[in-house]
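A.B. asks: There's a structure below that I have some questions on.
The values are calculated or read from the model by the stated rules, or taken from the named source; none is laboratory data. On a predicted model such as this, the values are computed, not experimentally measured, just so you know. Neighbour counts run over all protein chains shown; Cβ positions are idealised from the backbone, glycine included.
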Amino acid sequence: MVFDSTATKGDAMKTNQAKAVAGIKYKLSTRKDYARAERDCVKLIVSARRANDDASAGALSEAKTFFQKRARVRNACAVCGVTISRGATHCRIHSRPQSKMIAAPDGFNPPEGRKGKGNVNAFGNKGNARPIFTGDSCATSGYYAAPIQKIIAKWRGIISEDKLKQYFSDVALPVIRREIRLKLRLAISPDHWQAFFELGAEIAKYHANKRRPHAWLLGDEVATNGRLDSWNQVRARIIKQGGPAFTKSALAKASHDLKLSASPE
């Protein structure tokens, strides 16, 4: 087996990287799985040391440490390793196929009291217990936040809407997910750098303002597998992390402002 000892230098190791280093093919989703991966790494480290392969042993040691942490605290995405709320297994990006993320139309409000079989409301949830995210990955990154939309409006007509969304997604995801590297999926025209940096600076400022509920609803700090749980649970998670005791109505309105849900109720 050939190990790439440089694969994770200068960057935080992710689940897929650690699995590749250790040659692990089985699925990692529980503490038991990560503990198994940790034990397998120990065996491989011993073999590498005996073969005087320090490079492989070093890479395996880093993978072992990664698995060990995940075995102790299972609050990271099973795909990318980003920190998520307890009870979740995936971050929003990997929680479900993008094709199922359909944005709610502007101004849509389900009829009050409309309920279906089994007390299911217009959102497809029982009562008001689980308001779900109906927005795409741009929404969960803050694309529809008022300050961001001002910048979009400024550049609309100069840059296409599709490119603006792509630029925003590329610069916002590392900010929201607290990553240390920026990966561009679309080549940026030299004339577009100003727009790109304006979007990045504004989302960083917006997400850092934890005095408002909007920042807490972005990323994966309070979501479970891409969904908002009941507002009581969301509120409790924010308070547990040292945030303000927002009212349920304030959280619902913030979710509506960001187009994470179709209605503030």
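A.B. asks: From the list 233, 194, pick out the single residue that is over 21 Å from residue 146 (Cα atoms) and in the same structural domain as residue 141 (by TED's automatic domain parsing).
C.D. replies: 233
A.B. asks: If the requirement is being buried (at least 20 other Cβ atoms within 10 Å of the Cβ) and at pLDDT 90 or above, which of these qualifies: 204, 195, 223?
C.D. replies: The match here is 195.
A.B. asks: Restricting to the stretch 22-47, name every residue that is buried (at least 20 other Cβ atoms within 10 Å of the Cβ) and among the small types (Gly, Ala, Ser).
C.D. replies: Answer for the stretch 22-47, where residues must be buried (at least 20 other Cβ atoms within 10 Å of the Cβ) and among the small types (Gly, Ala, Ser): 22, 37.
A.B. asks: Oh, and also: Can you name the residue in the stretch 153-168 that is under 15 Å from residue 202 (Cβ atoms) and touching a Phe, Trp or Tyr at 6+ places or on another chain (Cβ under 8 Å) and is also surrounded by the most Cβ atoms within 10 Å (Cβ to Cβ) among such residues?
C.D. replies: Once the filter is applied, the top-ranked residue is 167.
A.B. asks: In the stretch 168-200, what residues are within 19 Å of the chain's Cα centre (by Cα) and outside any loop (DSSP other than H, G, I, E, B)?
C.D. replies: Those that are within 19 Å of the chain's Cα centre (by Cα) and outside any loop (DSSP other than H, G, I, E, B): 168, 169, 170, 171, 172, 173, 174, 175, 176, 199, 200.
A.B. asks: Might you let me know whether the stretch 157-165 holds any residue that is part of a loop (DSSP other than H, G, I, E, B), within 13 Å of the chain's Cα centre (by Cα) and more than 18 Å from residue 258 (Cβ to Cβ)?
C.D. replies: Checking the stretch 157-165: not a single residue is part of a loop (DSSP other than H, G, I, E, B), within 13 Å of the chain's Cα centre (by Cα) and more than 18 Å from residue 258 (Cβ to Cβ).
A.B. asks: Within the stretch 175-192, how many residues are buried (at least 17 other Cβ atoms within 10 Å of the Cβ), without any contact (Cβ under 8 Å) to a residue 40 or more places away in the chain and not β-branched (Val, Ile, Thr)?
C.D. replies: 1
A.B. asks: Still on this structure: Name every residue in the stretch 211-234 that is part of a loop (DSSP other than H, G, I, E, B) and under 16 Å from residue 255 (Cβ atoms), in order of residue number.
C.D. replies: 212, 218, 219, 220, 221, 222, 226, 229, 230
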